[in-house]
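Here the structure comes first, spelled out in structure tokens, and everything after it is commentary.
The values are calculated or read from the model by the stated rules, or taken from the named source; none is laboratory data. Just so it is clear, the model here is predicted, and its values are computed rather than measured. Note that we place each Cβ from the backbone using ideal geometry, even for glycine, and neighbour counts take in every protein chain shown.
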Amino acid sequence: MTTPASSIALVLTGSVIGSVGAVFLKSGALVLRPTLSSVVFNWRLGLGILTYMLSSVLFVKGMSNGELSVLFPMVSLGYICTLAWSRLFFQEVITRAKIMGIGLILAGIVCLSLANK
Amino acid sequence: MSSITASPDMRLVDHHKRRQAALIVACCTLLIAAAQLLIKIGANRLSHAGLTATLIGIFTIPPLFAGYCLYGIFTVLFVYALRHGEVSVLYPIIALGYVWVAILSAVVFHETMNPLKVLAIAIIVAGVAVLGWSGGKH
């Protein structure tokens, strides 16, 4: 069984949207206090969960056809986006090692696509 | 006195907690692998479904719902960990789950593991490990 390109596209799109969810979760976690109301009425966490749900629907649809061992590693595209958002919104530093990590992940995704043929 | 709590030196004080947060996320990868297995089992029933049916399926197909419940547990632990670490460090550690998922794909779903696929997954895991490692050093 090979994995259709449409499944790969759905999983990659879901991953990018999911990385936006991580930004909302992080900004929500920053203002979190150890009370229940602080968690329940945190709109940032709520928006983060909604974004994750949208990403999940695309991910599950993508997963419905094809191989888990090909599709799941494709999620790593999201980490590259997360790095970009972290730099943009949280002023986190992008070091040379991080750029190396990005290069490796991209190379891995390309290899995985080639292995699928 | 009022400015002390907002000092940028908090980063140094929190170093131990940041390591602890990374460890929690690393342990969560086993949870993720189990969730992925359940999600794939559930998703297989949606091969001809549209996006709306897929959304409903997440709540009505038992293995799919169970998989996302595990993700829910993971998310609570992850939000807790995020308070003490950088998103760009903690988020990639989750990818340790790729190793477990690759093994489970072969064992449970009998998916083929050609050398290029194994190499590709290894490169991705290495990339993610480099990201995680680099985050602690500026």
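Which residues, counting only those in segment B:46-67, are in contact with a Gly (Cβ under 7 Å, 6 or more places away or on another chain), of a type outside the set (Val, Ile, Thr) and farther than 18 Å from residue A:54 by Cβ?
B:63
Restricting the search to segment B:75-133, which residues are within 25 Å of residue A:20 (Cα to Cα), at the interface with chain A (Cβ under 7 Å from one of its Cβ atoms), over 12 Å from the mean Cα position of the chain (by Cα) and in contact (Cβ under 8 Å) with a residue 12 or more places away in the chain?
Residues satisfying the conditions are B:82, B:83, B:86, B:88, B:121, B:124, B:131.
Name every residue in segment A:82-117 that is out of contact with any Gly (no Cβ under 7 Å at 6 or more places or on another chain) and closer than 16 Å to residue A:70 by Cα, in order of residue number.
Scanning segment A:82-117 gives A:106, A:107, A:109, A:110, A:111, A:112, A:113, A:114, A:115, A:116, A:117.
Among the listed residues A:19, A:7, A:15, A:69, identify the single one that is modelled with pLDDT of 90 or more, surrounded by 19 or more Cβ atoms within 10 Å (Cβ to Cβ) and either over 12 Å from the mean Cα position of the chain (by Cα) or in a loop (DSSP other than H, G, I, E, B) (or both). Spell out how you get there, then give the answer.
Details: A:19 fails: either over 12 Å from the mean Cα position of the chain (by Cα) or in a loop (DSSP other than H, G, I, E, B) (or both); A:15 fails: either over 12 Å from the mean Cα position of the chain (by Cα) or in a loop (DSSP other than H, G, I, E, B) (or both); A:69 fails: modelled with pLDDT of 90 or more.
Among A:19, A:7, A:15, A:69, only A:7 is modelled with pLDDT of 90 or more, surrounded by 19 or more Cβ atoms within 10 Å (Cβ to Cβ) and either over 12 Å from the mean Cα position of the chain (by Cα) or in a loop (DSSP other than H, G, I, E, B) (or both).
Hey, residue A:67 hits all of (1) charged (D, E, K, R); (2) in contact with a Leu (Cβ under 9 Å, 6 or more places away or on another chain); (3) under 17 Å from residue B:98 (Cβ atoms) but one; which does it fall short on?
Against the list (1) charged (D, E, K, R); (2) in contact with a Leu (Cβ under 9 Å, 6 or more places away or on another chain); (3) under 17 Å from residue B:98 (Cβ atoms), residue A:67 comes up short only on (2).
Residues being part of a loop (DSSP other than H, G, I, E, B) and within 12 Å of chain B (Cβ to nearest Cβ): count how many of those fall in segment A:22-36. Even if it seems obvious, please write down each step before you answer.
Residues of segment A:22-36 that are part of a loop (DSSP other than H, G, I, E, B), as a first pass: A:31-35.
Now drop any that are not within 12 Å of chain B (Cβ to nearest Cβ), which leaves A:31-34.
Counting residues in segment A:22-36 that are part of a loop (DSSP other than H, G, I, E, B) and within 12 Å of chain B (Cβ to nearest Cβ) gives 4.
Going by the structure shown, is residue B:49 touching a helix residue (DSSP H, G or I) at 6+ places or on another chain (Cβ under 8 Å), at pLDDT 90 or above and either among the small types (Gly, Ala, Ser) or part of a helix (DSSP H, G or I) (or both)?
Values: touching a helix residue (DSSP H, G or I) at 6+ places or on another chain (Cβ under 8 Å): yes; at pLDDT 90 or above: no; either among the small types (Gly, Ala, Ser) or part of a helix (DSSP H, G or I) (or both): yes.
Here the answer is no, as residue B:49 does not meet what is asked.
Taking segment A:72-85, which residues are within 7 Å of chain B (Cβ to nearest Cβ) and part of a helix (DSSP H, G or I)?
A:72, A:73, A:79, A:82, A:83
Exactly one of these conditions fails for residue A:87: (1) crowded, with 19+ Cβ neighbours inside 10 Å; (2) of a type in the set (Lys, Arg); (3) under 16 Å from the mean Cα position of the chain (by Cα). Give me its number.
Result: residue A:87 passes all but (1).
Note down all Cβ pairs under 7 Å where the first residue falls in segment B:46-66 and is more than 17 Å from residue A:65 (Cα to Cα) and more than 9 Å from chain A (Cβ to nearest Cβ), the second is surrounded by 14 or more Cβ atoms within 10 Å (Cβ to Cβ) and not hydroxyl-bearing (Ser, Thr, Tyr), and they're at least six residues apart or on different chains.
Partner pairs satisfying both residue conditions: B:59/B:65; B:65/B:58; B:66/B:38.
How many of the residues in segment A:86-101 are more than 7 Å from chain B (Cβ to nearest Cβ) and part of a helix (DSSP H, G or I)?
First pass over segment A:86-101, keeping only residues more than 7 Å from chain B (Cβ to nearest Cβ): A:87-89, A:91, A:94, A:96, A:99.
This time we only want the ones that are part of a helix (DSSP H, G or I), so: A:87-89, A:96, A:99.
Of the residues in segment A:86-101, 5 are more than 7 Å from chain B (Cβ to nearest Cβ) and part of a helix (DSSP H, G or I).
If only one of A:92, A:67 is acidic (Asp, Glu) and over 29 Å from residue B:64 (Cα atoms), which one is it?
Details: A:67 fails: over 29 Å from residue B:64 (Cα atoms).
After ruling out the rest, the residue left standing is A:92.
Would you mention how many residues in segment A:37-66 are at the interface with another protein chain (Cβ under 9 Å from one of its Cβ atoms) and not in a helix (DSSP H, G or I)?
2
Do we find a residue being surrounded by fewer than 20 Cβ atoms within 10 Å (Cβ to Cβ) and either closer than 21 Å to residue A:2 by Cα or polar (S, T, N, Q) (or both) anywhere in segment B:85-94?
Within segment B:85-94, none of the residues are surrounded by fewer than 20 Cβ atoms within 10 Å (Cβ to Cβ) and either closer than 21 Å to residue A:2 by Cα or polar (S, T, N, Q) (or both).
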